[in-house]
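Student: The structure under discussion is supplied below as structure tokens; questions concerning it will follow.
The values are calculated or read from the model by the stated rules, or taken from the named source; none is laboratory data. Being a predicted model, the structure only gives us computed values, none of them experimental. Because the Cβ atoms are built from the backbone with ideal geometry, glycine has one as well, and the counts that use them run over all protein chains shown. Note: accessible area is taken over every heavy atom of the protein model, side chains too, but ligands, DNA and RNA are not part of it. Shrake-Rupley method; radii C 1.70, N 1.55, O 1.52, S 1.80 Å.
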Amino acid sequence: MMIEVGVIERIWRYPIKSTGGELLRQAEVETRGLVGDRLFAVRDAQGKFGSGKNTRRFRRMPGLLHLRSRYVDDAGVPELLDPRGAVAPDPSAYLRRYLGREDVEVAREGAIAHFDQLPISVLTTATLDWVRSAVPDVPVDERRFRPNLLVRTPAGTPPFVEDEWFGSKARIGDAVCIEFVRSSERCVMTNEAQQDLPHSPLVLRAISKAHDMRLDGLATVVSPGQVRAGDPLVLL
């Protein structure tokens, strides 16, 4: 049985990992994920990638979320935009000045994947609306959670409905098929300031208390194709 659970409201791609992304009307999806998504990252001399946290693979580099990245075309190197929205002519040189580090560069993905977890992150408006209600004094939109797909769900859909999809496949539009696996374990990046969203520890605290630090649906790609805003998301 097939069940339509929502429609694609917004599509996000993040050409340079841990920077603000670009809002798309449509995107090509391959087995790796959205074409070009997190294909580049800020890498330091130890081979660690710029992030909001310190781990075995990632190095905390505060300020990256105030920047944005976008492609002029999917085949090229993305543009880096400064906090005012101006294009940095030399992204690596700009980042060295901006971060105060001489050992960083914008690097294309090699043998080590840039993804924290799985290729596709799906967030529903039901869950996003719950977060807004949990922290009513904090500006919240999906940018805090960096999904690829924001899905508009029908009125009355419970928050964290993504949990019910784990282990299921879903079709998006005419060709794309994904399989939901698990949710993301959230970190301090959800609290970080970015563009017009202020820093607030209340966001992660609310998710931790209500849902064990987890929020969204992570998926692998079963069949590639194109997704468009307005496409239905149908559970198979």
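Student: Tell me the residue from I112, I172 that is more than 15 Å from the chain's Cα centre (by Cα), closer than 27 Å to R32 by Cβ and open to solvent by 60 Å² or more (accessible area, probe 1.4 Å), please. So that I can check it myself, show each step before the final result.
Tutor: Working: I172 fails: open to solvent by 60 Å² or more (accessible area, probe 1.4 Å).
Just one listed residue meets the conditions, I112.
Student: For the stretch 90-105, enumerate the residues that are among the β-branched types (V, I, T) and open to solvent by 20 Å² or more (accessible area, probe 1.4 Å).
Tutor: First pass over the stretch 90-105, keeping only residues among the β-branched types (V, I, T): 104.
Residues satisfying the conditions do not exist here.
Student: Something else: Identify all residues within the stretch 31-52 that are closer than 20 Å to A107 by Cβ and open to solvent by 20 Å² or more (accessible area, probe 1.4 Å); write none if there are none.
Tutor: Once the filter is applied, which keeps residues that are closer than 20 Å to A107 by Cβ and open to solvent by 20 Å² or more (accessible area, probe 1.4 Å), the stretch 31-52 yields R32, V35, R38, L39, R43, A45, Q46, G47, K48.
Student: Continuing with this model, one more query. Give the residues of the stretch 179-236 that are of a type in the set (S, T, N, Q), buried (at least 21 other Cβ atoms within 10 Å of the Cβ) and assigned to a helix (DSSP H, G or I), sorted by residue number.
Tutor: Result: T190, single match.
Student: Looking for something more than 29 Å from G63 (Cβ to Cβ) and within 16 Å of the chain's Cα centre (by Cα) - is there at least one such residue anywhere in the stretch 138-155?
Tutor: Filtering the stretch 138-155 for residues more than 29 Å from G63 (Cβ to Cβ) gives 151-155.
Subset that is within 16 Å of the chain's Cα centre (by Cα): 151.
Yes, because at least one residue in the stretch 138-155 is more than 29 Å from G63 (Cβ to Cβ) and within 16 Å of the chain's Cα centre (by Cα).
Student: Would you tally the residues in the stretch 55-69 being without any contact (Cβ under 8 Å) to a residue 60 or more places away in the chain and assigned to a helix (DSSP H, G or I)?
Tutor: 1
Student: Which of the residues belonging to the stretch 115-145 are farther than 30 Å from Q46 by Cα, acidic (D, E) and open to solvent by 40 Å² or more (accessible area, probe 1.4 Å)?
Tutor: Correct list: D129, D137.
Student: Can you tell me which condition E22 does not meet? The list is (1) among the charged types (D, E, K, R); (2) at pLDDT below 95; (3) open to solvent by less than 30 Å² (accessible area, probe 1.4 Å), and all the others hold.
Tutor: Against the list (1) among the charged types (D, E, K, R); (2) at pLDDT below 95; (3) open to solvent by less than 30 Å² (accessible area, probe 1.4 Å), E22 comes up short only on (2).
Student: Restricting to the stretch 146-169, and then to whatever is of a type in the set (D, E, K, R) and surrounded by fewer than 22 Cβ atoms within 10 Å (Cβ to Cβ), can you tell me which residue is farthest from P15 (Cα to Cα)?
Tutor: The extreme case among them is E164.
Student: Is it the case that F166 is farther than 25 Å from E22 by Cβ, hydrophobic (A, V, I, L, M, F, W, C) and modelled with pLDDT of 95 or more?
Tutor: Values: farther than 25 Å from E22 by Cβ: yes; hydrophobic (A, V, I, L, M, F, W, C): yes; modelled with pLDDT of 95 or more: yes.
So F166 passes the test.
Student: Within the bounds of the stretch 88-102, is there any residue that is of a type in the set (A, V, I, L, M, F, W, C) and either over 27 Å from R56 (Cα atoms) or touching a Cys at 6+ places or on another chain (Cβ under 6 Å) (or both)?
Tutor: At the first step, the residues of the stretch 88-102 found to be of a type in the set (A, V, I, L, M, F, W, C) are 88, 93, 95, 99.
Adding the requirement that they be either over 27 Å from R56 (Cα atoms) or touching a Cys at 6+ places or on another chain (Cβ under 6 Å) (or both) leaves 88.
Yes, the stretch 88-102 has at least one match.
Student: Give the residues of the stretch 88-113 that are modelled with pLDDT of 95 or more and touching a Leu at 6+ places or on another chain (Cβ under 6 Å), sorted by residue number.
Tutor: Scanning the stretch 88-113 gives A88, P91, V104.
Student: Going through the stretch 70-89 one residue at a time, which ones are open to solvent by 70 Å² or more (accessible area, probe 1.4 Å) and either under 16 Å from T19 (Cα atoms) or not acidic (D, E) (or both)? First the steps, then the outcome.
Tutor: We begin by selecting, within the stretch 70-89, every residue open to solvent by 70 Å² or more (accessible area, probe 1.4 Å); these are 70, 72-75, 77, 83-84, 89.
Answer for the stretch 70-89, where residues must be open to solvent by 70 Å² or more (accessible area, probe 1.4 Å) and either under 16 Å from T19 (Cα atoms) or not acidic (D, E) (or both): R70, V72, A75, V77, P83, R84, P89.
Student: May I ask you to list the residues in the stretch 33-50 that are at positive phi and part of a loop (DSSP other than H, G, I, E, B)?
Tutor: Answer for the stretch 33-50, where residues must be at positive phi and part of a loop (DSSP other than H, G, I, E, B): G36, R38, G47.
Student: Just checking, how many residues over the stretch 209-233 are touching a residue at least 12 places away in the same chain (Cβ under 8 Å) and over 21 Å from I120 (Cβ atoms)?
Tutor: Within the stretch 209-233, residues that are touching a residue at least 12 places away in the same chain (Cβ under 8 Å) and over 21 Å from I120 (Cβ atoms) number 1.
Student: From (1) assigned to a strand (DSSP E or B); (2) in contact (Cβ under 8 Å) with a residue 60 or more places away in the chain; (3) touching a Lys or Arg at 6+ places or on another chain (Cβ under 9 Å), pick out the condition that doesn't hold for E28.
Tutor: Only one criterion is unmet by E28, namely (3).
Student: Here's another thing I want to ask about it. Would you mind finding the one in R43, R38, R32, R25 that is charged (D, E, K, R), under 26 Å from A193 (Cβ atoms) and more than 13 Å from the chain's Cα centre (by Cα)?
Tutor: R43
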